[in-house]
Amino acid sequence: MTDNNALLETIEDLTFASIDLGSNSFHMIIGRQENGQLVVVDRMREAVRLSEGLVKKDLLSHVQDRAIECLARFGQRLAGIPAHQVRVVGTNTLRQIPPDHKFFTRATEALGYEIDVISGSEEARLVYLGVAHGLASEEKRRLVVDIGGGSTEVILGKNKTAGQRDSLNMGCVTMTQTFFGSGEITEQRMNSAILRGALEIRAVRESYQPGNWDMAIGSSGTIKAILKVMNAMGCEGEVISASCLKKLRKRMIKIGSIDALDLEGLSDERRPVFVGGVAVLSAVFNSLGIEELHVSSFALREGLLYELIGEISRTDVRETTIESLQQRFAVDVAHAKQVTNLAMRLFSQIASDWKLDERQDAKLLRWAAATHEIGLSLSHNSFHKHSAYILSNADLTGFTNQQKQQLSTIVRFQRRKISSTAIKELPKYHRDSTKKLILLLRLAIILHRSRTPDTKIEVDIAKIDKENISLTFPENWLSEHPLNEAELNSEILAWEKLNFTLSIS
């Protein structure tokens with residue numbers, strides 16, 4: 001059992017960093033935990049406007065270099081911080097980029113850390129987590145609104161727990177490009193933009209009406225910029241009111257041009273996309289009946305840091321997600337635990353030789369073993385495919401898109417044929433480890449095929465040379481278990497498909 005006080009002291013000695021690769025800006029925050037509070041030691045932000053590269057031809061071509069240059073600067077600042085203490089996530093724009101696009105390879109090399117792409121729902125959850133940590137704990141029901149460059153997240157929650165959350169396909173960059181691309185600001189264009197926003201919100205509108213929340217809170221650079229301009233206009237306080245937002249729209253329409261938008265408090269960097277942000281926020285106010293929006297200085301990147309600290313302090317939200325999946329799909333937990341225990345014993349014996357990450361790779365193998373049979377709730381026939389489909393398409397709280405894809409692939413090939421083509425669809429830096437985790441899971445499942453309770457199987461695994469692996473059993477064990485021996489002999493052929501050699505003695 002780990003001593004909690006010693007664990008907390010260790011955490012407080014650590015430096016953590018999170019990077020939010022947004023559609024408009026890239027943000028980095030570096031912090032430490034002191035006396036249970038997050039203390040920020042450094043911040044960096046650059047307006048990259050990645051979403052401008054979402055064109056049908058030459059995807060990201062004209063914005064890629066400035067993004068890579070920014071990440072190289074971030075990487076220099078992060079140098080020396082261990083990978084498990086850094087979290088890098090991509091949001092709306094990167095969700096629209098194929099996972100094998102060259103940008104990911106270049107970006108990872110420039111930054112020095114892997115990039116995780118998260119779903120809109122996961123982005124919303126992390127935004128809420130960040131905002132909630134910046135507020136006093138209270139029983140008020142909260143509506144949180146976060147406007148990004150390519151999407152807007154709306155979340156209902158209480159205290160530190162997010163409830164319903166939705167990601168809407170509208171942001172300050174995309175709204176500006178669509179309705180104010182010429183630089184002209186007119187009443188007709190503004191009304192059209194607000195109407196488009198209202199149409200985007202319509203599908204979830206009823207869930208977010210005032211009767212479902214007590215306090216509305218806004219986060220993100222767009223909302224903070226709007227508040228700053230309003231304060232300069234005479235609207236005092238840390239609250240954006242519907243009346244002041246209307247006043248701001250009228251003033252912008254009167255000015256008539258983005259280039260002439262010389263508003264006090266508005267930075268040159270924010271000016272090109274400011275009008276789109278105002279239109280998005282106006283649509284949210286109108287559709288959700290908001291009269292006052294409190295502004296938080298915390299957002300996605302703070303949520304990432306708190307999540308990271310939680311994972312290291314052994315309160316990883318993904319563990320709860322896996323347990324919920326087991327319950328939801330009526331998994332034989334005792335059998336899953338047996339498979340998990342054997343898989344992890346095999347992992348511990350070969351991880352060093354196979355250069356597997358004893359943090360993330362170990363977790364993925366454990367989660368795969370815990371959920372490999374969730375597809376049985378649908379059908380025994382091809383249940384491994386059903387299991388993989390559920391993991392790939394379910395909303396798995398805490399998991400990135402890449403983690404879901406990798407977990408789904410490991411479970412998909414737990415039995416029968418292994419497709420090397422499917423593995424090649426994974427990001428390049430995950431392919432080798434995924435193949436090895438598949439092989440370990442397959443061995444654990446084969447050896448527990450009898451599903452006999454409380455059975456501990458004595459087996460040793462060792463690397464002979466390169467991909468040549470040897471399994472050693474106690475004397476007479478194989479002859480006493482002919483079914484296992486037959487399946488292991490068949491497994492030798494499966495391993496050859498992945499250019500591994502398995503020998504048994």
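Read the figures in this text as sums done on the coordinates, not as results from a lab. Source: prediction; values computed, not measured. Positions of Cβ are generated from backbone atoms using ideal geometry, with glycine treated the same way; all protein chains shown enter the neighbour counts.
Side notes on the structure shown:
- One quarter of the convex hull surface built on the alpha carbon atoms of segment 135-297 amounts to 8.6 nm², the projected area averaged over directions.
- Cα Rg over Rh - segment 52-139, Kirkwood: 1.04
- 0 to 90° range, to nearest 10: angle between helix 102-111 axis and the chain longest Cα axis: 90
- Rg [Å, one decimal], Dmax [Å, integer] - segment 316-450, C-alpha atoms: 13.5, 38
- Relative packing of peptides 368-374, 233-239 - highest average C-beta neighbours within 10 Å first: 368-374, 233-239
- For the residue pairs Lys140/Lys404; Lys337/Lys424; Lys224/Lys250; Lys160/Lys363, the alpha carbons lie more than 22 Å apart in Lys140/Lys404; Lys337/Lys424; Lys160/Lys363.
- Nearest 10 degrees, 0 to 90: helix 428-447 Cα axis against the chain principal axis: 40
- Solution diffusion estimate, µm²/s, Stokes-Einstein, segment 222-339, Kirkwood Rh from C-alpha pairs, 20 °C, viscosity 1.002 mPa s: 120
- Antiparallel DSSP beta bridges within the chain, percent to nearest 5: 70
- The sum of -39500 (n - 2.57) across all DSSP H runs of n ≥ 4, divided by the residue count of the chain, sets its helix-only mean residue ellipticity at 222 nm to -15500 deg cm²/dmol.
- Rounded to the nearest 10 degrees, the angle from helix 317-328 to the longest Cα principal axis of the chain is 70 degrees.
- Working ranking of peptides 244-251, 409-416 by packing, defined as the average number of other Cβ atoms within 10 Å per residue, highest first, is 409-416, 244-251.
- Among beta bridges from DSSP that stay inside segment 135-297, the antiparallel ones total about 70%.
- Taking GluC sites (Glu not before Pro) across segment 437-505, the ones in a DSSP loop with at most 12 further Cβ atoms lying within 10 angstrom of their Cβ are Glu458, Glu475.
- Calculated diffusion of segment 4-119, Stokes-Einstein form, Kirkwood radius summed over Cα pairs, 25 °C and 0.890 mPa s, µm²/s: 163
- Estimated at 0.36 nm per residue, the fully extended path between Glu187 and Lys337 surpasses their Cα-Cα distance by 47.7 nm.
- Remark: C-alpha extents of segment 380-433 on the principal axes read 30, 27, 14 Å, sorted largest to smallest.
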